Amino acid sequence: MRANRVSALIMLSLAVAFNVFPLLALAQNSQASSKYPCAFIDTVNITGSYPHEQYGIGNNSNAQHINNSYIYEWMIIPPELVAVYDFIIKNGIRVQTERHLRACVCKLKPCIRFCCSQGFFYSLENKSCSPISSIVDNFVDQDFMEIRFTNGSIGTISTSGHFLVHHGTPCEHMRTITKDNHYVHWTLHENGTIAYKNHLFSKHYCFSAFPESNKDNEMDWQWQPLACVPERLPFILGVREWTYAICLIITVICMIIILFVYLLCTDLRNTFYGVAIKSYTLCIIVGYSLLAHLTLTNPANMSKYACSKIPSFALLYLVLSFYILSFISFNFYLSFFGIILSNLMFWFIFFPIVIIAACWSFFVSFDLYNNRPVFGNEICWFDPRNWSILVYLYVPILLSCVFSGIFYILSLIKLSDGPDIDVNKLMASVSRNRFKSFWKFFGYTLSTWLVCMCSFAINCYRGERTHINYVVCLFIAIHGFGSLYALVGKNQQIQNFLRKIEEEIDSDEIAEISMPMSNF
C-alpha cells in the first residue's frame, strides 16, 4: 500500500514537471527575450514537449538543473525562440485561444508545407484534399524534392531529412499563381524559400501536386505552391444598392429644402434652435452624400487615402448630427427655467464637441478591428462581417439618443408639474408647437437608425444580406420626408413665415393688376 502511494506521488511530480513547470520556466526566461520572437507561420505548438535539462557547476548528483530549452523533433530549441501564445492566426485573423507554448522551429531548420498528406492532392474546386487514383502514373512523391543549393547546383534531397515537414493549408481558400494561363515554375531553395526570378513566394503557402501537359501531350505531375486567397468582399451594385443610394439622395434633397427655409425665416434664423437645425441639416447632407458615394463607388477604383478618409468624414458628420439633437433637447429643458441660450452659446457648446468627434473619427480611421483596419482594407465602410460599426458608430449614436431622451422626459415632467404656470412666460423662447414638432422629427430619426441597427444585427447573424435592407431604404426615405413634415409642415413659425411670403406675393400681383395704365 505504501509503495502504491510512493509511485502515485512520483507520477504526479513527473506530470507537474513536464506540463506545469515548462510554462513557469518560460515565463521567467521570456522577460529577457521579446514577446513573440518570430512570425506565427514559423511556429509550432510544443505544449507538452520535454524540457532539455542543463546542469550547473558541480557534480551531476547535486548540481541544480535548469530547464531553459525544449526538445522538438530531435532538435534542441533555445528559450529565446519559445514564447507563450494566447492566440492563433486563422485565415489571417487573430483568434483568442488558451495559453500554450509555441517555438520558432523554422528558424532552426527550414520548413516545407504540403497541403495534403501522401497520396492526396488539393482540389481547388472542392477546397479540400482529394485522393489520387490508383491508375495515375508518374505521380510526384513527397519524400523527395528537387531544390537549388546555395552554390547554384540543383539536386534531389530527402524532404524529411532536410526540412521540417508540415501538412495542412494555412488558409481555407487557396489558389495557384499562373502566368499566361500556365503554371509558374517556382524554385525551392535550400533555405526553404520559394522564388521565381526575383519574386519571392509568401510564407503562407502549401505545396500540392498539379498535372500539366508536356511536349508529348502527356500529363506530368509537378509541385505547385498555393497561396492564400484574401477573403475580400465583392463589390455589388444591384437593386438594393441603387435603392439605398436613391433613398439617401431623397433625404439629402429634403434636408436642403429644410436648410433653405430656415435660412430665409427671419424669426428662427439667428436663434439657438434655428442655428442648431441648420447645422444638423448640413451634417446630414454631407454625411448621407458621402454614404451614397461609397455605396455607388467600387473600392477598387478609389485610392487608399480616399478609401480611408471619406468614411471617417461620413462618421464625423453622422455622429455630430445626433449630438446637435442633444443640444436642442438640452435647450428645451433649460427654457422651462427661463434660461434662453443664444446662437453664440450654441457655437461655444458645438466647437468642443466637433473637436472630440473629429478626434474620434481620426482614431477610428487608424484603428484595427480583428487585425484589420476599420476603413480602407477591403471595403470603404465598416466591414459587415464583424461588429466594428456597432462599436464605432452605433454606440455614440445610442449615447446621444439616451441624453436626448433624458432631457425629453425631464421636460415632460416639468410640463405636467405646472398646469397653472403661465405658458407664455414658460415658453418665452421656445413655443409649445416647436417643442412638439421637434420631438416628432426626433421620433422619425430615431426609428430610422433603430431599423438600421436591427438590419445590421440580422445580416451579421445570418452572414448574408437579407430583404430587411429594403426596409432600411424605406426608413431612410421616411427620415427625409418626416423631417420635412415635422420641421416645416408642423412648425407654426415656419408656416406663418411661408404664409406671410405668400400674402406678399399675392398683394404684389393685385397691386400690379390694379395699377392704372397711362396714356401714351
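Once you list every other residue whose beta carbon is under 15 Å from the beta carbon of Val184, what net charge do they have if Lys and Arg are +1 and Asp and Glu are -1?
Details: positive: Arg175, Lys179, Lys197; negative: Asp180, Glu212.
Neighbour charge sum, excluding Val184 itself: +1.
Mind giving me the FRET efficiency for His199 and Phe313? R0 is 30 Å, r the Cβ-Cβ distance, nearest 0.05 is fine.
After rounding, the FRET efficiency stands at 0.20.
In nm, what is the difference between 0.36 nm times the number of residues separating Phe149 and Ile355 and their Cα-Cα distance?
68.2 nm
Quick one: which residues, 5 or more positions from Asp220 or on another chain, have an amide H under 5 Å from its amide H? H modelled 1.01 Å from N in the peptide plane, none for Pro or chain starts.
Close amide H contacts, sequence-distant or interchain: Glu212, Ser213, Asn214.
Based on the Cβ-Cβ distance of Arg99 and Ile340, what FRET efficiency does E = 1/(1 + (r/R0)^6) give at R0 = 56 Å, to the nearest 0.05?
0.40
Residue by residue through segment 200-208, what is 3J(HN,Hα) from phi via Karplus (6.51 cos²θ - 1.76 cosθ + 1.60, θ = phi - 60°)? Round to whole Hz and write x for glycine and proline.
Here the 3J(HN,Hα) series is 8, 7, 5, 6, 7, 9, 7, 7, 9 Hz.
Run the numbers for Lys90 and Arg269: contour at 0.36 nm per residue of separation, minus the present Cα-Cα distance, in nm.
58.7 nm
May I ask you to evaluate 6.51 cos²θ - 1.76 cosθ + 1.60, the Karplus curve with θ = phi - 60°, for each residue of segment 165-179 and list the ³J(HN,Hα) values in order in whole Hz, giving x for glycine and proline?
Using θ = phi - 60°, the values come out as 8, 10, 10, x, 8, x, 9, 6, 10, 10, 8, 8, 9, 10, 9 Hz.
Give the calculated FRET efficiency between Ile157 and Met219 to the nearest 0.05, with a Förster radius of 25 Å applied to their Cβ-Cβ distance.
According to the calculation, E is roughly 0.50.
Decide, for segment 99-209, between rounded, prolate and oblate: order the square roots of the alpha carbon gyration tensor eigenvalues as a ≥ b ≥ c, take rounded if a/c falls under 1.5, and otherwise choose prolate if a/b is larger than b/c, else oblate. Write out the running numbers ahead of the final one.
Numbers: a/c = 1.34, a/b = 1.14, b/c = 1.18.
The shape class here is rounded.
In vacuum, with every alpha carbon of segment 221-314 counted as one equal point scatterer, what does the Debye formula give for log10 I(q)/I(0) at q = 0.11, 0.15, 0.24 Å⁻¹? Two decimals, please.
-0.50, -0.74, -1.17
Roughly how many Å² of Trp242 are accessible to a 1.4 Å probe, to the nearest 10?
Near enough 120 Å² of accessible area.
How much net charge surrounds Ser153 when only other residues with a Cβ under 14 Å from its Cβ are counted (Lys, Arg +1; Asp, Glu -1)?
With Lys, Arg at +1 and Asp, Glu at -1, the neighbours total -1.
Label point 7 Å out from Phe348 along Cα-to-Cβ: which residues of segment 268-312 have amide N under 15 Å?
Hits in segment 268-312 for Phe348 at 15 Å: 272.
Which residues' amide hydrogens lie under 5 Å from the amide hydrogen of Ile71, considering only partners 5 or more residues apart or on another chain, with H built in the peptide plane?
Under 5 Å from the amide H of Ile71: Tyr50, His52, Ile77.
With a 10 Å radius around each residue's Cβ, average the other Cβ atoms per peptide and rank 278-289, 164-175, 349-360, highest first.
Ranked from most to least packed, the peptides come out as 278-289, 164-175, 349-360.
The values are calculated or read from the model by the stated rules, or taken from the named source; none is laboratory data. Since the structure is predicted, the reported quantities are computational estimates derived from the model, not experimental observations. Neighbour counts are summed over all protein chains in view; Cβ atoms, including those assigned to glycine, are modelled from backbone coordinates with ideal geometry. All accessible areas refer to the heavy atoms of the entire protein, side chains included, with ligands and DNA or RNA removed. Shrake-Rupley method; radii C 1.70, N 1.55, O 1.52, S 1.80 Å.
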